[in-house]
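The values are calculated or read from the model by the stated rules, or taken from the named source; none is laboratory data. Nothing here was measured: the structure is a model prediction, and the numbers come from that model. Every residue, glycine as well, gets a Cβ built from its backbone with ideal geometry; the counts of neighbours run over all protein chains shown.
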Amino acid sequence: MPEPLEDVLKSSASKFRDLWCFTNCLVAIDGKHVSIQCVINEDSLYFTYKGFHSTVLLALVDAEYKFMAVDTGSYGKIVMAMSSKPVVGEKLETGTLNVPPNTPLVENAVPMPYVIAGCETFPLKIYLLRPYSKHHQGGDESKKIFNYRLSRARRVVENAFGILASRWRVFHRSLDVHSETAEKVVLASCCLHNMLCKERNPPDEIELCPRTSSL
């Protein structure tokens, strides 16, 4: 899976704007627990709070359900906050992921940074947005609208995981292979998923975002 270039990320941002009504959003991020068989001598490391052994797939997904970057092999017991591997975590922290320069949200406005849409699991960063908590949201209608918009954008990564598991039924059960082999299976599945997604552009179920809606 090639590293996303600046032009590719710009194209993804324009699709998030047109399809999901979220401006300056490059990709959505989330993690998936891939169930694996108990690993000898490492069973406690891969055991999750969900009650099974797993390896974590952390993914950046574009507006059309394609994987832009993936990180696999983290222990299942680790809470999915941010990966420490170069593809996702380190490159985002150091600003070396070919992120385009700041762009105004509307014409003649102050340039704003491009961001990644994430859930409440992830920390709030300059480059990563998460929803307002119920405590801070209160009765503020603008915050409710923001959470709704962010949810629409972030949902693409959840849909991508669902499509991945539906296409490759091996993810409906525990992978009975060594952890290193499981990582290769996940990476190969993500690459094949992207190849199949190119046959549908845009996906049939996506409709252009209405511009007149208050949400």
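Would you confirm, using the coordinates I've provided, whether T48 is hydroxyl-bearing (S, T, Y), modelled with pLDDT of 65 or more, in contact with a helix residue (DSSP H, G or I) (Cβ under 9 Å, 6 or more places away or on another chain) and farther than 16 Å from Y127 by Cβ?
Numbers: hydroxyl-bearing (S, T, Y): yes; modelled with pLDDT of 65 or more: yes; in contact with a helix residue (DSSP H, G or I) (Cβ under 9 Å, 6 or more places away or on another chain): no; farther than 16 Å from Y127 by Cβ: yes.
The answer is no for T48.
Number of residues in the range 88-120 that are farther than 17 Å from C21 by Cβ, surrounded by 15 or more Cβ atoms within 10 Å (Cβ to Cβ) and of a type in the set (A, V, I, L, M, F, W, C): the value is 5. Is there a residue being out of contact with any helix residue (DSSP H, G or I) (no Cβ under 7 Å at 6 or more places or on another chain) and either part of a loop (DSSP other than H, G, I, E, B) or modelled with pLDDT under 85 (or both) anywhere in the range 141-163? Checking the range 141-163: not a single residue is out of contact with any helix residue (DSSP H, G or I) (no Cβ under 7 Å at 6 or more places or on another chain) and either part of a loop (DSSP other than H, G, I, E, B) or modelled with pLDDT under 85 (or both). Of the residues making up the range 164-194, those that are surrounded by 19 or more Cβ atoms within 10 Å (Cβ to Cβ), aliphatic (A, V, I, L, M) and either touching a Pro at 6+ places or on another chain (Cβ under 6 Å) or modelled with pLDDT under 90 (or both) number 2.
Please work out if G76 is under 29 Å from E180 (Cα atoms), surrounded by fewer than 21 Cβ atoms within 10 Å (Cβ to Cβ) and at pLDDT below 80. So that I can check it myself, show each step before the final result.
Working: under 29 Å from E180 (Cα atoms): yes; surrounded by fewer than 21 Cβ atoms within 10 Å (Cβ to Cβ): no; at pLDDT below 80: yes.
Considered against the rule, which asks whether it is under 29 Å from E180 (Cα atoms), surrounded by fewer than 21 Cβ atoms within 10 Å (Cβ to Cβ) and at pLDDT below 80, G76 comes out as no.
Residues in the range 2-28 that are assigned to a loop (DSSP other than H, G, I, E, B) and at negative phi: P2, E3, P4, L5, F22, T23.
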